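Data block below; observations after.
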Amino acid sequence: MSSEWPLWEVFIRGQHGLNHRHVGSLHAPDPEMAIRNARDVYTRRNEGVSIWVVKSADITASSPSDKGPMFEPSNSKVYRHPTFYDIPDEVGHM
Amino acid sequence: MYAQMVISEATNDDPAKLEAFQARVDANDKIEPKEWMPEGYRKTLIRQIGQHAHSEIVGQLPEGNWITRAPTLERKAILLAKVQDEAGHGLYLYCAAETLGVSRDEMTEMLLSGRMKYSSIFNYPTLTWADIGAVGWLVDGAAIMNQVPLQRTSFGPYSRAMIRICKEESFHQRQGYDIMMKMAKGTPEQKEMAQDALNRFWYPSLMMFGPSDKDSVHSAQSMAWKIKINTNDELRQKFVDQTVPQAEYLGLTIPDPDLKWNEEKGGYDFSEPDWSEFYDVLKGNGPCNRDRIEARQEAWEKGRWFRDALTAHAEKRAARRVAAE
């Protein structure tokens, strides 16, 4: 047997109730070991309260070469940001 | 450094693409794994990150040597945590290298067969407990000097690994200095041990930064690509300037009679290490080269049954899950 263990992407939820965040990846033979290894590799200093692992091969990603057309629609819509609108000082905080 | 003498690979890419790539690097864009990159950039990075990862892993050996003999239970727990961190750092870096298309097994194989290097510093022995102090203080100190600027390197996964590593690394240096403080302020014998450790680790630590820039032919391309941020001499100077006052505080003497403050340049003048020794260690003739590689080979071979068992267990469970569906 010399087949390499699959690669897993590791996501960790920090202390303060934020979203799980991608922190890195590791090799493991199965999901249980991936969680154990993730604990040792990525939470040695209290970084998390919850771990997700997912096989890297199961992730579908947008293509880097499509970056332009993919994200252009949101680029050109500045009116989606609050700073687009001028509110007079007299109105107060809004 | 942890990656010394990394040879930049030549690149035979389309000049227009190269120019666009360089413009992205110059604009401090991060380059991500699936994006286009010059072949030379990819190969140089694999070599550099791989060497860096191997250094973290092999670097566990000189320190692991003292875990069972640490003077107190607390020191033992601290050293254990530090060595565990080094394993973690190796893993972050292997993963970063893997995004460039090299597999973990290939890298392991290249380390074990001697086709890939690790830092020369780990071929020196740790003879006394004071050496553990000196390694943390000087070796990790030198590593931090190099790794802090590398947080800004152009390759995204490498930069992110460096950010994680730097966060953890300052504990390493401080615990080393803490050991040195205890030894230097202890009995005359302990102080002598601390001085002896400094004597033996000083020049090998200076060698970590690699040969002088005037002899380092591969720096220019790596610096243009921002996979190297400072020159070897810049970092070495910074390290000496930072370390001398720390040695003075300990009441220890840097083993260099020519060391003196140079008001004009605002830094210390110091003696070069013996570069012939450096090249000899790289060639495999340092005091511990053979031991280190043999220890890694043994760990790999003796761990085989366990890796195989985990794989067999995973396969059995996967088969059961399929059968149950």
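Here, each number is a calculation from the coordinates, and none is a lab measurement. In this text the structure is predicted, and so the values were computed from the model without any measurement. Every residue, glycine among them, receives a Cβ derived from its backbone with ideal geometry; neighbour counts consider all protein chains shown.
A few notes on this one:
- A search for C-beta distances below 8 Å between a residue of segment A:50-72 that is closer than 16 Å to A:Gly24 by Cα and any residue that is in a helix (DSSP H, G or I), counting only pairs 6+ apart in sequence or on different chains, returns A:Ile51/A:Ile35; A:Ile51/A:Ala38; A:Ile51/A:Arg39; A:Ile51/A:Tyr42; A:Val53/A:Pro31; A:Val53/A:Ala34; A:Val53/A:Ile35; A:Val53/A:Ala38.
- Among the residues of segment B:46-98, those identified as over 14 Å from A:Val41 (Cα atoms), out of contact with any helix residue (DSSP H, G or I) (no Cβ under 7 Å at 6 or more places or on another chain) and part of a helix (DSSP H, G or I) are B:Arg47, B:Gln48, B:Gln51, B:Thr68, B:Arg69, B:Leu73, B:Glu74, B:Arg75, B:Ala77.
- Annotation: of all residues in segment B:110-123 being more than 19 Å from B:Pro211 (Cα to Cα) and in contact with a Lys or Arg (Cβ under 8 Å, 6 or more places away or on another chain), the one that is farthest from the other protein chains (Cβ to nearest Cβ) is B:Leu111.
- Scanning segment B:99-124 for residues that are charged (D, E, K, R) and not in a loop (DSSP other than H, G, I, E, B) yields B:Arg104, B:Asp105, B:Glu106, B:Glu109.
- Exactly one residue out of B:Arg200, B:Arg236 is under 28 Å from B:Thr72 (Cα atoms), assigned to a helix (DSSP H, G or I) and of a type in the set (Lys, Arg): that is B:Arg200.
- Restricted to segment B:259-325, the set of helices (runs of 4 or more DSSP H) holding at least 2 residues that are within 27 Å of B:Arg115 (Cβ to Cβ) and within 14 Å of chain A (Cβ to nearest Cβ) comprises B:289-302, B:304-324.
- Candidate set: segment A:1-57, residues that are over 19 Å from the mean Cα position of the chain (by Cα) and aliphatic (A, V, I, L, M); chosen: the one farthest from the other protein chains (Cβ to nearest Cβ): A:Ala28
- Single residue of segment B:40-69 satisfying the filter (free of Cβ contacts under 8 Å to residues at least 40 places away in the same chain and within 22 Å of B:Leu111 (Cα to Cα)) that is farthest from the other protein chains (Cβ to nearest Cβ): B:Lys43
- Subset of segment B:214-232 [part of a helix (DSSP H, G or I) and buried (at least 16 other Cβ atoms within 10 Å of the Cβ)]: B:Ser219, B:Gln221, B:Ser222, B:Asn232
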